[in-house]
């Protein structure tokens, strides 16, 4: 990390750097990696600076860039003061590389969203201690003016031990994760990541330690090359496993970095060094190219599989739609065929009850009445099935006629009041004093109101209360039915208007078929209206329907 002679008044870039005294491999070893780290760091800041993995990786890259800049100043500084300052400051970025790398490895391997507080406190303490040591002889014992290099103090011995401990902790993280992971993808991701970061930190440590030990500082030029492999593996993981969410941009960064790596050959003048550089560049480009090619191939295969699955899904969906349509058609046909014999049977039973077919004994009349009631229920069920089929097929036919709303509601209330009296419910009616005439489908409107009232009566316990109110606002009518019944479970509210759906708290205790609210919703919307509700389980429910008057 030094020159054989201190620079003097020599041609320099901006008067600060003198690249003429740089070792042959300096620009190739440092400049492309410096550019790669800067580009990736800026990318992380632009993409999402709030993500903990992004922040920690940015910390690694920023520390690494600062370290390379200081090393460049040590090798090529045009003034003694610049070289001295570079030696003095180097402790901080080197410590930063290892601290941020270990924290990045921990959060990546164990998939954490935050850094443990204890680790943050230890990291801050180490940085503070390093800052205190910087201007002392514990950092740089003295500066050798003859060889223009700093002689390191005891702090660097401690630093190398600490770096080895931090490097070992990354290996420990990986072993713990692999021991508790069964997923092949997770094991591959953890193994490749750990290999890359351990190789980077290991080569970096070895080059610095042995360069200092042997005083052959050209060994330091090998250290940053470990970052190339680490970034290459990181690029592969980004493309394949979508980590860091910067897939496309990260690939572009690494491609540009490869171009810079090749362009650095222009700065090497001696043929023996060019051969070494070409071989190393070829190896690095081959590894990186293979990883990216493998990832892109997997992406293409996955896309092709997805396209095949999408086509199969579309075919299956069309088949299901056609089968559902045929089922509804069949259901409608069967219901129509059932309606005629049920109506005929009802007519004959009425004749028997009226004595038109001869005298019927009281005991016979009782059985005939029971059959008549069953026939009525069957007729209602067939009508409901037909309505469901019409709604599903979009064939519901609305026949609007003029209705006297006062008479209309009195007719409905006269039929439900006996049921209310039977359950001993408190019943309150709130009608507008002046109800206008309206253009509505009589059958479907009656079905809606009767369904809401009968449901309120059915699901309200004895001695509860039911309130029925009708209000007119402009050209719309709003009917509300409020009860103190069992209410609707919160998690089932979105399904309440579904076909054949019944709430879980009444499914096994009260009779029903799950058609009523489905038909009510379809009938209301077919007339240009809407329907909704508010409910709290165990407290009660309020259903409302709004319909246009014309």
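Can you give the Rg/Rh ratio of segment 424-550, where Rg is from the C-alpha atoms and Rh is the Kirkwood radius?
Working: Rg = 14.5 Å, Rh = 15.0 Å.
Radius of gyration over Kirkwood radius for segment 424-550 works out to 0.96.
In units of 2.2 N^0.38 Å, what is the alpha-carbon radius of gyration of segment 337-465?
In units of the globular-protein estimate, segment 337-465 measures up at 1.32.
For segment 446-481 and segment 85-127, what is the separation of their Cα centres, given in Å?
Measuring centre to centre over Cα atoms gives 68 Å.
May I ask you to derive the FRET efficiency for residue 526 and residue 313 from their Cβ-Cβ distance with R0 = 41 Å, giving the value to the nearest 0.05?
0.85
Please state, to two decimals, what the Cα-based radius of gyration of segment 121-181 comes to when divided by 2.2 N^0.38 Å (N = residues). Spell out each step's value before the answer.
Details: Rg = 16.7 Å, N = 61, 2.2 N^0.38 = 10.5 Å.
Expressed relative to 2.2 N^0.38 Å, the Cα Rg reads 1.59.
Just to be sure I understand: of the beta bridges DSSP finds with both ends in segment 400-548, what percent are antiparallel, rounded to 5?
Expressed as a percentage, antiparallel bridges in segment 400-548 total about 80.
For segment 78-143, take every pair of Cα atoms, bin their distances at 10 Å starting from 0, and report each bin as a whole percent.
19, 39, 25, 14, 4
Could you work out how much longer the chain between residue 465 and residue 428 gets when fully extended? Use 0.36 nm per residue separation minus the Cα distance between them, nm to one decimal. Write out the running numbers ahead of the final one.
Details: separation 37, 0.36 × 37 = 13.32 nm, distance 0.79 nm.
Result: 12.5 nm gained on full extension.
Do you know the relative contact order of segment 400-548, to the nearest whole percent, from alpha carbon pairs under 8 angstrom that are 6+ apart?
Taking the mean separation of contacting Cα pairs over the length of segment 400-548, I get 23 percent.
FYI, it's all coordinate maths here, none of it is from the lab. Please read these numbers as outputs of a predicted model, since none were measured by experiment. Every residue, glycine as well, gets a Cβ built from its backbone with ideal geometry; the counts of neighbours run over all protein chains shown.
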